[in-house]
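Structure record follows, encoded as structure tokens.
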Amino acid sequence: MRATLLGLGVTALLSLATAAASWHGSPLRAGAPERSDLPSTVFLAAAGCAFALYLGALVLLRRPRVGLATVCALAAAIQLVPLAGPLLLSRDVFAYWDYGRLTAAHDANPYSVPPARFARDPAERAMSPAWRHADSVYGPVFTSASAGLALAGGRSSESAAFGYRLLAAAGMLALVALAAVVAPLPAFAAAFVGWNPLLALDFAGGGHNDVWMMVLVLGGLALAAARPRLAGVSWALAAGVKWIAVALLPLQLLGGRRREALRGLLGFAVTTAAIAAVAWLLFGTAWVTALGPFGHLTAGWAVPSRLAGVGLPRWLALAPLVLALPLLLRSARAGRPRLAATTGLLLVASPWLLPWYAVWAVPLAAVEEDRAAWALTLGLCAYLLPDRIPF
């Protein structure tokens, strides 16, 4: 009962945060000029209190007294609440829209033609100026899907943004369901993913595509034992959205039985070859540039940037991953691939860290009985919660 009340509290506080973002003149709307700090203050206070209630609920849900149906119903409410407000804090959805329109409306290659080439396109005008001269950084699976969405949609930026936000919210609900299927404690896992206010604000609020990469990764975990070839297919599709998913596959294969691992690898290889062939037909060889575009980018909230800000070398952020790698490999060989801990350490080491990247780790932590991974993942979520909030 107490956990349910805390879940209702998270829902109410997210409703307050969404209302603050909707206020006239709020700087929380993606692309809006900064004005009064009051909406941002209320938004951050409400989101912070919601996160505190979320942590308390997770503690209570370690004791399986709340039914899975109740947890999932509250997860749906929490993840859908931000749809009632505006696009939040990021204009990435307009980049997705623009790269899709380059293919669908202009018959151009988004991996070699930047959006600025079509300056009168509504998507180019809506997207962040920082990306107007950049080629697509997304995998061919996602780029092809965004082209299909552009074909189905019109020229309205509001409709395009809401469409991506609705799809991202649906992805979060799929993650909740998959976490409940894969995890040993379904209610706890469903709440770990679905009651997380940071994820609600970034996906129903921001419409980011990372959620679909993780739906496919969790799908691979769900299929690993019974249908390993299909699991490999799911991993390949995940990498076709964002290539970072490939970084976790070796640990997953190392932790499985030899026959299942070989079947999974076969499914992955065949699907990857098929994706590459279709991508070559659609985009030539230019799509390969999406495999590693972020090495030259740095984000202010990334741990290496924080270290540099206090006079320490950036490479120190890589040290925890390097030191933990032998332990992670040994654990995987013993049949326990610690994907959540590995992902969390990758995020700590990354020079390009954004709040919605928390979804890379949260569903993995939800399905693993790994207290260190829970602490690392929830600590990253708490750290990233204030990022991008304008003051």
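Set side by side, the residues Ala3, Ala75 differ, and just one is touching a helix residue (DSSP H, G or I) at 6+ places or on another chain (Cβ under 8 Å) and closer than 22 Å to Gly163 by Cα, which is Ala75.
Would you confirm, using the coordinates I've provided, whether Arg259 is modelled with pLDDT under 95 and surrounded by fewer than 19 Cβ atoms within 10 Å (Cβ to Cβ)? It is true that Arg259 is modelled with pLDDT under 95 and surrounded by fewer than 19 Cβ atoms within 10 Å (Cβ to Cβ). Residue count for the stretch 109-133, restricted to those that are more than 18 Å from Trp287 (Cα to Cα), in a loop (DSSP other than H, G, I, E, B) and either open to solvent by less than 20 Å² (accessible area, probe 1.4 Å) or in contact (Cβ under 8 Å) with a residue 24 or more places away in the chain (or both): 3.
Confirm whether Ala247 is part of a helix (DSSP H, G or I), modelled with pLDDT under 95 and open to solvent by less than 70 Å² (accessible area, probe 1.4 Å).
Working: part of a helix (DSSP H, G or I): yes; modelled with pLDDT under 95: yes; open to solvent by less than 70 Å² (accessible area, probe 1.4 Å): yes.
Yes, satisfied.
Among the residues making up the stretch 146-162, those that are assigned to a helix (DSSP H, G or I), open to solvent by 20 Å² or more (accessible area, probe 1.4 Å) and modelled with pLDDT under 95 are Gly148, Leu149, Leu151, Ala152, Ser157, Glu158, Ser159. Residues in the stretch 250-261 that are of a type in the set (A, V, I, L, M) and either outside any helix (DSSP H, G or I) or over 25 Å from the mean Cα position of the chain (by Cα) (or both): Ala261 only.
State yes or no: is Ser350 of a type in the set (S, T, N, Q) and over 21 Å from the mean Cα position of the chain (by Cα)? So Ser350 fails the test.
Within the stretch 284-301, residues that are under 25 Å from Pro355 (Cβ atoms) sit with their Cβ atoms under 7 Å from residues that are of a type in the set (D, E, K, R) and at pLDDT 80 or above, at 6+ positions apart or across chains, in these pairs: Trp301/Asp387.
The values are calculated or read from the model by the stated rules, or taken from the named source; none is laboratory data. Model, not experiment: these values are computed from the prediction. Note that each Cβ is placed from the backbone with ideal geometry, even for glycine, and that neighbours are counted across all protein chains shown. Remember, those area values only see protein heavy atoms, side chains included, never the ligands or the DNA or RNA. Shrake-Rupley method; radii C 1.70, N 1.55, O 1.52, S 1.80 Å.
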